[in-house]
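First comes the structure, then the notes that go with it.
Only the coordinates and a few stated rules stand behind these numbers; no lab work does. If you're wondering where the values come from, they're calculated on a predicted model, not measured in any experiment. Heads up, the Cβs are rebuilt from the backbone with ideal geometry, glycines too, and the neighbour counts pull from every protein chain shown.
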Amino acid sequence: MFVQVIQGRVPDRTAMRAQHEKWAEQIGVDVPGWLGSTAGITEDDRFICLSQFSSVEALARLAARSDQREWWGHTERLFLGPVVRSEFLDVAVMLDGGTADAGFVQIIQGRAADAGRLHALEKELLRYLPDGRPDIVGGLAATGPDGRFVRAFYFSSEELARAGEHGEQLPEIEEILFDLRALTGEPTYHDLRHPWFASPQRPGRDRDAGSRPAGATRPEPEKAGWQPWSSAGQRTRSPR
């Protein structure tokens, strides 16, 4: 599997949501090798999209299409400032992967001092996830050769994720999380309270679409950059 991450500041949520749905309905239905995407905009206007492909070649074929170039020409103008792209060949699926049944998604980005050690710790963590954190319903983990990483955790709901954070952790999980924090330093957290999902089977649909129109007023967050993997009382704000 191959993952591409696109991100940047997008002040117009409604316009970006419309472009996202347009791509899923008009282009994504005919993209061989595209496996699905998770996207959204954080409370501080940071757009991020993780797109999964079967191979690098599948993404290259998409980029060469005239309709894709035309769509991106319009979409790129919605960004305020630079658009950052990251690509990862080393991708692992956690639990049920990027499930569209999630009600809350958190994407974590950073750089690890030792990519091999990061893999080992995450593999160990997976042994305890189903029982230790039942609120997590899936995830993706991608790492670059230089230690850059992106992690997407899919939760059944934000409320259950918060309860899982404050609940008592297994000693084994606490130890692994301590080692992970030491290895990765302070990463960046992107909280998608209203994630957008798209896939070849479900173009332009997500569990939020029917209950609230794009661009509707959202409640103010209690805390930006919440960390589901932190211990209680150790929340921080994401860099802005």
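Can you tally the net charge around Phe2? Count Lys and Arg as +1, Asp and Glu as -1, for every other residue whose Cβ sits under 11 Å from the Cβ of Phe2.
With Lys, Arg at +1 and Asp, Glu at -1, the neighbours total -3.
Gln169: net charge of surrounding residues, Cβ under 10 Å, Lys/Arg +1, Asp/Glu -1, itself excluded?
Result for the neighbourhood of Gln169: -4.
Answer with one residue from Ala102, Trp72, Ala18: the one whose Cα lies farthest towards the positive end of the charge dipole of segment 2-198, charges on Cβ with Lys, Arg +1 and Asp, Glu -1.
Trp72
Mind checking the full-extension length gain between Thr99 and Trp71? Use 0.36 nm per residue of separation minus the Cα-Cα distance, one decimal, nm.
7.5 nm
Set the Förster radius R0 to 22 Å, insert the Cβ-Cβ distance between Ala163 and Met1 as r into 1/(1 + (r/R0)^6), and round the FRET efficiency to 0.05.
Given R0 = 22 Å and the Cβ-Cβ separation, E is 0.10.
For Thr188 and Lys22, what does the FRET efficiency come to when R0 = 22 Å and r is the distance between their Cβ atoms, rounded to the nearest 0.05?
Computed FRET efficiency for Thr188 and Lys22 comes out at 0.20.
Under 12 Å from the Cβ of Arg111, count the other residues' Cβ atoms, weight Lys and Arg +1, Asp and Glu -1, and hand me the total.
Net charge around Arg111: -2.
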